[in-house]
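To start, the structure itself, in structure tokens.
Nothing in this text is a laboratory measurement; each read-out follows from the coordinates by a stated rule. Keep in mind it's a predicted model, so treat the numbers as computed, not measured. Cβ: placed from backbone, ideal geometry, glycine included. Neighbour counts: every protein chain shown.
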């Protein structure tokens, strides 16, 4: 798997968007695993119930020993900055990070700017995974509407800076940028 | 409409995905009707209320007499296997089939594998229609979340085997694969 | 910004679709602002609560003085017909217009035909913005389901006539047609 000179095969920042079970994580992992190991996996999930615990365990079981896993439910930019130099980074996923920030009443625009800065300063490629959540009927509750808005703004900000933006459909990547 | 040699114009398996009223059925019908008649239409809908009865009647009225319609709310793989050899097949739609399987507490992974096998053994092209349901806010109820996950997994499994995957937007096909 | 001969750079009718906060309005404004000013902005929003008032104010603040803003929550076709000849038109957005029509119990198919006719008769390019709302789980309530159906039909009718259909993802345009 390890081949010299592949570091340039993906751009510095990649955003992988898609719906539930659209193969986002798997595609992002494949992008990173095409680069020389070891790799860093930054997990934003908090296992607050059995459903989530099962999902986290499933994702973790799929990854090889070449992955260093870092949990960062809130301090994502700090976690990216702390990764050893030259190690490609996968962040899975931004929607859970945003959920955690909103529940903890953090400043979302400030956190977004901090994330962008951390990604831009990374010495190795960064792949960010996030759920597209804005293509259904307007939700009844105000918190869900605010979440859609915040997620949409975050995606736009990141997509403007990313070298590659991918929209996953049924496990297949559509290149948007 | 009937032209010899058109059997090769579409791949053996096509998956047509899209949102509500995105023109999925109409596009799938056009794909099949470009092949020589007669054609088989496998309907998975169960008319359990007036809204559904109206929708089924509207779809049926649109189709010509060259279509043989088979109802298969649960036994979709068996229905595909029973279609006379050489007859192109349209299945409309997988999301309703999945709903029926879940309500009847069938084994979804086993049913999915059976469907894939039936499609691969078909002697004529198969076009499968399904709703993309995973691009909205995470639903409140656990059954809806499980449904999104099962639908996503089914779509990924089929898309990996399909020769063509189409994502419909406003009645227009976007080629994903 | 004003350059002669750019009137032909976009087709007569453009449909910009996308999810919540996907950058639809911004992209549509950029399309129109590439044409010679002055431009007409037809707003269908009704400011019935603070959330909506804030959103309208934000959109309005972004637009320069070269925009003439016309409010048309219900009489959208009439508003388009009343725009001075040769002035490019942006309609933002069709989903709110449809909501207003449904709440006022207007005849949706008749209104849709009227809108199409008004767009076709316009002497300058028209760009229509609308939300894609059909890619989530089927909503529990019948009104929301009817809304998805009406929106999907309207988008299909317009997309069939449009010279350009764009699906926005994270602020980036994907060309569908």
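Computed from Cα positions, the angle between helix C:50-62 and the longest principal axis of chain C comes to roughly 20 degrees.
What's the average, rounded to a whole number, of partner chain beta-carbon atoms within 10 Å of each residue's beta-carbon in A:20-33?
Counting other chains' Cβ atoms within 10 Å and averaging over A:20-33 gives 3.
Relative to the other identical copies, residue C:85 shows label-point distances of 6.9, 6.9 nm, where the label point lies 7 Å from Cα along the Cβ direction and values run shortest first. Axis-proximal residue of chain A for the rotation onto chain B, reported as residue and distance in whole Å: A:136, 1, based on Cβ position. Label-to-label distance, residue B:142 versus residue A:141, with points set 7 angstrom from Cα along the beta-carbon direction: 1.7 nm. Here residue C:175 yields copy-to-copy label distances, from shortest upward, of 1.4, 1.4 nm, the label point defined as 7 Å from Cα along Cα to C-beta. Modelled this way, with points 7 Å down the Cα-to-C-beta line, the labels at residue A:117 and residue B:12 are 5.6 nm from one another.
Determine the percent antiparallel among the DSSP beta bridges restricted to chain A, to the nearest 5. Percentage antiparallel, nearest 5: 15. Residue A:26 label point (Cα plus 7 Å toward Cβ) to equivalent points in the other copies: 3.3, 3.3 nm, shortest first.
Output the relative contact order of chain B, whole-number percent, from Cα pairs under 8 angstrom with separation of 6+ residues.
Working: 297 pairs, mean separation 63.1, N = 177.
For chain B, the relative contact order is 36 percent.
Take the Cα of residue A:62, step 7 Å toward its Cβ, do the same at residue A:74, and the gap between the two points is 2.9 nm.
Taking the 0 to 90 degree range and rounding to the nearest ten, how far is the long axis of helix B:108-121 tilted relative to the main principal axis of chain B, both from C-alpha atoms? Tilt relative to chain B: about 10 degrees. Computed extension length for residue B:30-residue B:175: 50.7 nm, one decimal, from 0.36 nm per residue of separation with the Cα-Cα distance subtracted.
Would you mind classifying the protein assembly as shown by shape? Square roots of the alpha carbon gyration tensor eigenvalues, ordered a ≥ b ≥ c; an a/c under 1.5 is rounded, otherwise it is prolate if a/b is larger than b/c and oblate if not. Here the protein assembly as shown falls in the oblate category.
Remark: mean inter-chain Cβ contacts per residue of C:156-167 equal 3, using a 10 Å Cβ-Cβ cutoff to other protein chain atoms.
Give me B:101, B:135 ranked fewest to most by other Cβ atoms within 10 Å of their Cβ, as a rough exposure proxy.
Values: B:101 21, B:135 26.
Ranked by crowding around the Cβ, least crowded first: B:101, B:135.
Under 1.5 on a/c is rounded, so check that first for segment C:52-126, then, if it is not, pick prolate when a/b is larger than b/c and oblate when it is not; a ≥ b ≥ c are the square roots of the alpha carbon gyration tensor eigenvalues. Because a/c hits 1.5 or more and a/b fails to exceed b/c, segment C:52-126 counts as oblate.
What ranking do C:175, B:26 get, fewest neighbouring Cβ atoms within 10 angstrom at the top? Mind showing how you got there, number by number?
Numbers: C:175 9, B:26 16.
With the sparsest Cβ surroundings first, the list reads C:175, B:26.
Seen against the Cα atoms of chain C and their longest principal axis, helix C:94-103 is set at about 40 degrees.
Multiplying the sequence separation of residue B:81 and residue B:104 by 0.36 nm and subtracting their Cα-Cα distance, what value in nm do you get? Display every interim value, and only then the final one.
Values: separation 23, 0.36 × 23 = 8.28 nm, distance 2.16 nm.
Value of the extension gain: 6.1 nm.
Taking a ≥ b ≥ c as the square roots of the Cα gyration tensor eigenvalues, with a/c under 1.5 meaning rounded and otherwise prolate when a/b beats b/c, else oblate, which class fits segment A:6-175?
On the way: a/c = 1.38, a/b = 1.33, b/c = 1.04.
Note, shape of segment A:6-175 comes out rounded.
With n ≥ 4 as the cut-off for DSSP H runs, can you work out [θ] at 222 nm for chain B, using -39500 (n - 2.57) per run divided by the number of residues, rounded to the nearest 500? Working shown, then result.
Numbers: 6 runs with 73 residues, N = 177.
Mean residue ellipticity at 222 nm (helix-derived): -13000 deg cm²/dmol.
Would you order C:132, A:120 from fewest to most other beta-carbon atoms within 10 Å of each residue's own beta-carbon? Can you show the working numbers first?
Working: C:132 27, A:120 11.
Going from sparsest to densest Cβ surroundings: A:120, C:132.
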